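Below is one structure; the comments refer to it alone.
The values are calculated or read from the model by the stated rules, or taken from the named source; none is laboratory data. Note that the structure is a prediction, hence the values are computed from the model and not measured. Positions of Cβ are generated from backbone atoms using ideal geometry, with glycine treated the same way; all protein chains shown enter the neighbour counts.
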Amino acid sequence: MTTTSTAVPKSGGGARVRVQRFGTFLSGMVMPNIPAFIAWGIITAFFIQTGWTPNGLLGGFGTTNGVANTGLVGPIITWLIPLLIAAQGGRMVYGIRGAVVGTVMTMGVIVGSLGTTMILGAMICGPLGAYLIKQLDRLWENKIKAGFEMLVNNFSAGILGFGLAMVGFFWLSPIFSWIATILGDGVKFLVNAHLLPLASVFIEPAKVVFLNNAINHGVLDQLGAQQVQQTGKSILFLLEANPGPGVGLLIAFMLFGVGVARATAPGAIIIQFFGGIHEIYFPYVLSKPILLLAVIAGGATGVATNVAFQSGLVAPASPGSIFAVILETSKDSYVGVILSVVLSAAVSFFITAVILRASRKRDLAAEAAGAEDALVTAVAQNAANKGRESRVGDLLGTGTGTGTGTATASKIQSIVFACDAGMGSSAMGATVLRNKIKKAGIEGVTVVNKAIANLTDDVDIVITQEQLTERAKQKTPSAEHYSVDNFMSSSKYDEVVAEVQARNS
């Protein structure tokens, strides 16, 4: 069962690709633990002294029976979240053994730097500890006498964990604390000098070419969490998550665009603004790169508004949906946050509209002459920029793809979309196929998205981007595998639906 498609351009090598991969790895550590950030944000919003329902026992202020209250806010961000991130990072590198050793190493860093949120330390020590135990295991791989495997494995990991915890406590914790202080002072300088809106000059273009994750998850999340501990909110969580610039641009395309761009913009607005998938608007920018000016100006307007109103969120808004933004808004920040979204959308809309109106005649002439639609080309470029699968083509109805699968006689009950992080693109793909299966009247079939590292060999169909298929087959050799070129073929999913119908009937 095969189909062919137009090849999607490959992304170039060099520093950009390395930063993309680094950002993807960071996302893979952080994104599965976003629910913990959200839970912490809700607890913070309600129970700190400036919260909705201040409670010293839960918020960590005041005393109970003469003993200072510890609360939940401090321990969750100081201990739980860094350890969760470290465990996930270790698991991505070397399974459960990597998770254990990486978490022990991170514990040394956390205890050695109490008072400083060690999210950055967890992102480094979790994978590093896992990598070291992986290399240690290779030293005596296939050399352990039968019956001694458990003894050697447990004590080697335990002794290495002990050593790494000491390294983290005495040597690494001062370094990470120093880095956190420097970064925090840099943000304070930008705020005090009223220069924070200039961050949009870097963040908005970085989003479009997928270079933002390293900054967002590696730096802004940690600094934002520290600000929440100090003031109960942080503007840093809104630097990248504000949906205003994107929705303003898409509204302009809906009113003044031509061809596929105008036809797909209304659906893209819903996905971007309410679903929080900002990637959906990247091809519109790539179709006319000058539109970077629109999203930069919109983003800077939103940041300036939040600076003026001293508004912020209590936790990361992920995905960047308006619902997530409102739910994570600090009690005293609703006016500023809502205005920041509205004003950033208005500025982005105005600039985009001017640019589209200025080039409208030329775009219509190109369309009449039968030239390839700029958005279709931009979707392919978007996939190349990402360097891995992108569901944007499917969601906009512009994609083609390649898939292979080997049918078996068994009934299909579970389908998994798998990518590096198990979020974002694979989630969008799972949603598209889930809706198609529902419309076909098929029942009893689950469609979910997972990280490849979390796959188990108990599923019926696994759908991956073709560069990831071999890795997926190693995790799920019993499953039927479909390779989709950059996840850009809605027609391929029609074939999957037909296969499910045939097998299940």
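One line per residue, one yes/no per condition, for (1) of a type in the set (S, T, Y); (2) in a helix (DSSP H, G or I):
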| position | (1), (2) |
| --- | --- |
| D332 | no, no |
| A345 | no, yes |
| F349 | no, yes |
| T352 | yes, yes |
| I355 | no, yes |
| A366 | no, yes |
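So, of the residues in the stretch 351-370 that are free of Cβ contacts under 8 Å to residues at least 12 places away in the same chain and closer than 21 Å to V295 by Cα, which turns out to be surrounded by the most Cβ atoms within 10 Å (Cβ to Cβ)?
V354
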Exercise. If you check M92 against the conditions, is it surrounded by 16 or more Cβ atoms within 10 Å (Cβ to Cβ) and touching a strand residue (DSSP E or B) at 6+ places or on another chain (Cβ under 8 Å)?
Worked result: yes
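Which of the residues belonging to the stretch 258-278 are out of contact with any Phe, Trp or Tyr (no Cβ under 8 Å at 6 or more places or on another chain) and either under 29 Å from F309 (Cβ atoms) or in contact (Cβ under 8 Å) with a residue 24 or more places away in the chain (or both)?
Here is the first cut: in the stretch 258-278, the ones out of contact with any Phe, Trp or Tyr (no Cβ under 8 Å at 6 or more places or on another chain) are 258-260, 263-264, 266-267, 269-271, 273, 275, 277-278.
Scanning the stretch 258-278 gives V258, G259, V260, T264, G267, I269, I270, I271, F273, G275, I277, H278.
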For this session: Find the helices (runs of 4 or more DSSP H) located wholly in the stretch 158-275 whose residues include 1 or more that are surrounded by fewer than 23 Cβ atoms within 10 Å (Cβ to Cβ) and modelled with pLDDT of 90 or more, and list them.
Result: 173-192, 200-208, 244-256, 259-269
Problem set entry | Within the stretch 47-65, considering residues that are out of contact with any helix residue (DSSP H, G or I) (no Cβ under 8 Å at 6 or more places or on another chain) and without any contact (Cβ under 8 Å) to a residue 24 or more places away in the chain, the one nearest to G224 (Cα to Cα) | F61
Seminar exercise, completed: Taking first residues from the stretch 125-150 that are under 18 Å from A86 (Cβ atoms) and surrounded by 10 or more Cβ atoms within 10 Å (Cβ to Cβ) and second residues anywhere that are of a type in the set (K, R) and modelled with pLDDT under 95, the pairs with Cβ under 9 Å that are 6 or more apart or on different chains are G126/R91; A130/R91; A130/R97; I133/R97; K134/R97
Exercise. Among the residues of the stretch 309-323, how many are out of contact with any Leu (no Cβ under 9 Å at 6 or more places or on another chain) and not in a loop (DSSP other than H, G, I, E, B)?
Worked result: 2
Exercise. Which ones in the stretch 151-188 are within 13 Å of R97 (Cα to Cα), in contact (Cβ under 8 Å) with a residue 40 or more places away in the chain and in contact with a helix residue (DSSP H, G or I) (Cβ under 7 Å, 6 or more places away or on another chain)?
Worked result: A157, L160, G161
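Taking the stretch 443-487, which residues are among the charged types (D, E, K, R) and in contact (Cβ under 8 Å) with a residue 60 or more places away in the chain?
Once the filter is applied, which keeps residues that are among the charged types (D, E, K, R) and in contact (Cβ under 8 Å) with a residue 60 or more places away in the chain, the stretch 443-487 yields E466, E480, D485.
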